[in-house]
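In what follows, a single structure is set out as structure tokens and then discussed.
The values are calculated or read from the model by the stated rules, or taken from the named source; none is laboratory data. Just so you know, these numbers come straight off a predicted model, no measurement behind them. Neighbour counts run over all protein chains shown; Cβ positions are idealised from the backbone, glycine included. For accessibility, only protein heavy atoms count, side chains too; no ligands or nucleic acids. Shrake-Rupley method; radii C 1.70, N 1.55, O 1.52, S 1.80 Å.
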Amino acid sequence: MPNPYETETVPAVLSALKVQASSGLALAEIPVRQATYGLNEVPERQPSMLLLLVKHFWGLTAFMLEVTILISFLLHKYIDAYLISGLMGFNAVVGFLQERKAAKTVQALKSSLQVMVRVLREGRWAEVAGNQLVPGDIIRIRTGDFITADAKLIDGATTADQSALTGESARIDKKEGNILYAGSAVKSGECTAVVVATGINTFFGKTAELVQQAKPRLHMEEVVSGVVKVLFAIVLAFVAVTLVVSLLRGEAFLAMLPLLLILLISAVPVALPSMFSVSMARGSRQLAAQGVLVSRLSATEDAATLTTLCIDKTGTLTQNKLTVQEIISADHFAPAEVTQYAVMASVAANNDPIDMAFIRKAEEEKTILSSFKQLSFTPFTPALKRTEALIEKDGKSFKVLKGAYPTIKALCRQQPAGFNQTVETWGTKGFKTIAVALQQDNVTQWVGLAALMDPPFPGTADMIAQIKKSGVSIKMLTGDALPIAKEIAGQVGIGSAIAAADLFRKEADTKKKLQVILSHDGFAEVLPEDKFNIVKALQTHREVTGMTGDGVNDAPALKQAEVGIAVKTATDVAKQAAGVILLRDGLQSILHLISIGREIHHRITSWVTNKISKTLFTVLFVCTAYLVTGQFVVDTFDMVLLLLIVDFVTLPLSTDTVTGSNKPGNWAMKPLMKLGFLLGLLNTAEGLCWIFLCRHYFHISTIDEIHSLSFAILFYSGIINILVIRTPARFYQKPIGKILLFSIIGDALFVLTLLAVGLPGFAPLPPISIGATLIYLLVCGLLVNDWLKFKIAPPASSPLT
């Protein structure tokens, strides 16, 4: 975390900032510096609400709808134009409401800065809001303070928790000349400091700017664009053929406008954005029941296609809580006594992580301390590097010392054999060594050594194994030292290829840097920008990337990732940046996220395949019938009605009963098009055959009757197709969701009534022809088409469990 004042002496910094430590800044100087440096806050970049709304009327899908509306007005089909405009407006409003949540991250960062600070101005101490600080302000810092600006210590010493900034679980000692960074929390000690950076210029503020710059790729947008292009290509190809043939036959171009309008309507996937939103919302409710809160709907579907998951260590894999891992006792002492004496040199009220580790260990071992009395206690200081306690037992007193190994070693006359080797071994594992000794009559003797570490959550190794089994690769990113990172990665089964972040950071070539990232299981000593850049690099490799984290330092990467996951203990900043928030400890909930995400993916691909099939069927059916008969077999009103009752009634596919795959999904269009084209061609052949059969056997000949029959064929083939497409197995082998089933039955009954009663321009059909049409299409769809589908698209791999 470089800062230009990091290496400067305190007098040099005070001189550069033109301030005296004894009196602080003059009050008149404050507004001048605020005008120069700004307030101590993260400037907001508020997106324009108008632009957020207008952008929903821009793009290929929107243009297709707008052209359709324009042609409707030109042909004086005002009802059609109003209906389509209403559908377009509905989708725009739904999307707009979802995107209004996008600016919350920076607001959370800004709010985090608003605390009260003790500041010296014109020789008087006063409390001011944190956002009023300016470079050069002299501030007083005490235990429990949240640091709102980067500040260089003038005197005193503190211990700071920087885990929310760097990912390092160990607390950092700060002394005169060191810098306390904004976003840190002071756990012990007091000091006076001079502010050297505020707002966006702080380490904390730069993290906020990275969050603002982060722009995740939304795969939903890519999918919508891909589907629209395919459908539009189908329409243009067949319209072009029909136009050429019609012009060669001497027909007027204007006579083709109704056909163009009909086919444009059939190609527009109006309900696709709504299908996404409904599917994600339902998945979000399912996940909430499993302790997973989804704050960005697209993250649920992106979890289905997730290929790489980047995991922060502290607070995500590990508990951010030191525990005693191993104990080595000196001669004449038992391991339990090491714990016992370590607790005597601890005070629970201080909530020091090392003290608490020994206190918890003593509680687990049910250590009895009632015969010992603590007469006095000397807390740890950077100068002393140990805690001391004067203990009394049976009328005799002695001291217990607990601290860093080199400090205690220097006080002891004799060195137990093997202690040095043990400390070196623990160091390679990333353990923190704490030494314990007794002092009586000015003689200090060893009690033993304890290895402390921030342990993984229970079940983490099993979760990692299951995520890998589901086809998702895992990379650990942590600010901790390399030995600690390697030890944790080994314990939880992430892998052994762990390196320091410098390995890829120093690589200038983009391709080589990417190869370094891809070839390793994780990195240690990473900075916030490293996490952010790693996620972006993986995305350039076409990886759908997830990122888990809990601190301010994770926020940029959380927002950049398609699936940003904030753990239960995450800061507000991290939660606002993430698309997914875990409400329970550990990462088992990620498996639920992947599983439900893959179920959603299956539902959406079913909808897309059905739309491709239905569009091809509609285009071929209408064009072929027109070329053969010289008449449109449906009119614009029929197509709009189909759009409403088929496209939007297929939304219950989002509630269908499905099973997710055991490998990441993808949005490869080729298999979807293969199945969609097969069914579309089959439906076309079956529909055209039935029209000619009905004209011959049921004497359906008037244009209104042909409109009704064609509408029935288009509608019932589309509904039956849903039953065929919804599962790669045979249609009867997978139970159907109740909502989808009731929707299909309700739609079928509505259209049966419509066909029997009729509407203006929509003649009623004889009951026998309606029944025969329904039976014919059921046989074709559920027997012939479903069997062929099963042969070319066998069931996918086994479900994720």
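Could you say which residue among 210, 180, 231 is modelled with pLDDT under 70, crowded, with 20+ Cβ neighbours inside 10 Å and at negative phi?
From the options 210, 180, 231, the qualifying one is 210.
In the list 744, 736, 722, which residue meets the criterion of being under 35 Å from the mean Cα position of the chain (by Cα) and outside any helix (DSSP H, G or I)?
Just one listed residue meets the conditions, 736.
Take the residues in the stretch 356-394 that are within 19 Å of residue 408 (Cβ to Cβ) and of a type in the set (Val, Ile, Thr); name whichever of them is surrounded by the most Cβ atoms within 10 Å (Cβ to Cβ).
387
Suppose we keep only residues that are outside any helix (DSSP H, G or I) and under 16 Å from residue 584 (Cα atoms) within the stretch 456-473. Which one would you say is most open to solvent (accessible area, probe 1.4 Å)?
458
Quick check on the stretch 42-83: of everything there that is farther than 30 Å from residue 201 by Cβ, not charged (D, E, K, R) and not in a helix (DSSP H, G or I), which residue is modelled with the lowest pLDDT?
Looking at residues that are farther than 30 Å from residue 201 by Cβ, not charged (D, E, K, R) and not in a helix (DSSP H, G or I), I get 59.
Between a first residue in the stretch 742-756 that is under 12 Å from residue 642 (Cβ atoms) and a second residue that is small (Gly, Ala, Ser) and in a helix (DSSP H, G or I), which pairs have beta carbons less than 8 Å apart while being 6 or more apart in sequence or on different chains?
From the stretch 742-756, the pairs are 751/712.
Name the residues in the stretch 687-706 that are open to solvent by 20 Å² or more (accessible area, probe 1.4 Å) and under 49 Å from the mean Cα position of the chain (by Cα), would you?
Once the filter is applied, which keeps residues that are open to solvent by 20 Å² or more (accessible area, probe 1.4 Å) and under 49 Å from the mean Cα position of the chain (by Cα), the stretch 687-706 yields only 688.
A quick yes/no check of all residues on (1) more than 19 Å from residue 385 (Cβ to Cβ); (2) touching a Lys or Arg at 6+ places or on another chain (Cβ under 7 Å); (3) at pLDDT below 85:
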site: 154; (1), (2), (3): yes, no, no
site: 157; (1), (2), (3): no, yes, no
site: 164; (1), (2), (3): yes, no, yes
site: 174; (1), (2), (3): no, no, no
site: 214; (1), (2), (3): yes, yes, yes
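Identify the residue in the stretch 1-41 that is of a type in the set (A, V, I, L, M) and part of a loop (DSSP other than H, G, I, E, B) and, among all such residues, is nearest to residue 176 (Cα to Cα).
My answer is 21.
When the stretch 348-399 is examined, which residues are found to be among the aliphatic types (A, V, I, L, M) and over 26 Å from residue 172 (Cα atoms)?
If the condition is that a residue be among the aliphatic types (A, V, I, L, M) and over 26 Å from residue 172 (Cα atoms), then 368, 369, 375, 390, 391 are the ones that fit.
For residue 450, are the conditions met, namely being in a strand (DSSP E or B) and touching a helix residue (DSSP H, G or I) at 6+ places or on another chain (Cβ under 9 Å)?
Yes: the conditions hold for residue 450.
Does at least one position in the stretch 489-501 carry a residue that is out of contact with any helix residue (DSSP H, G or I) (no Cβ under 8 Å at 6 or more places or on another chain) and crowded, with 17+ Cβ neighbours inside 10 Å?
yes
Could you tell me whether the stretch 639-654 includes any residue that is without any contact (Cβ under 8 Å) to a residue 60 or more places away in the chain, surrounded by fewer than 19 Cβ atoms within 10 Å (Cβ to Cβ) and not in a helix (DSSP H, G or I)?
Within the stretch 639-654 (the criterion being without any contact (Cβ under 8 Å) to a residue 60 or more places away in the chain, surrounded by fewer than 19 Cβ atoms within 10 Å (Cβ to Cβ) and not in a helix (DSSP H, G or I)), the answer is no, since none of the residues qualifies.
Specify the residue that is modelled with the highest pLDDT; the eligible residues are those in the stretch 686-718 that are acidic (Asp, Glu) and more than 17 Å from residue 624 (Cβ to Cβ).
705
How many residues are in a loop (DSSP other than H, G, I, E, B), under 33 Å from the mean Cα position of the chain (by Cα) and either surrounded by fewer than 21 Cβ atoms within 10 Å (Cβ to Cβ) or not aliphatic (A, V, I, L, M) (or both) when one looks only at the stretch 300-350?
The number of residues fulfilling the criteria is 8.
Look at residue 484 and say whether it is assigned to a strand (DSSP E or B), in contact with a strand residue (DSSP E or B) (Cβ under 8 Å, 6 or more places away or on another chain) and closer than 28 Å to residue 568 by Cβ.
When the stated conditions are applied, residue 484 does not pass them.
Just name the residue that is nearest to the chain's Cα centre (by Cα) out of those in the stretch 476-485 that are under 13 Å from residue 317 (Cβ atoms) and either open to solvent by 30 Å² or more (accessible area, probe 1.4 Å) or charged (D, E, K, R) (or both).
Taking the candidates together, the pick is 480.
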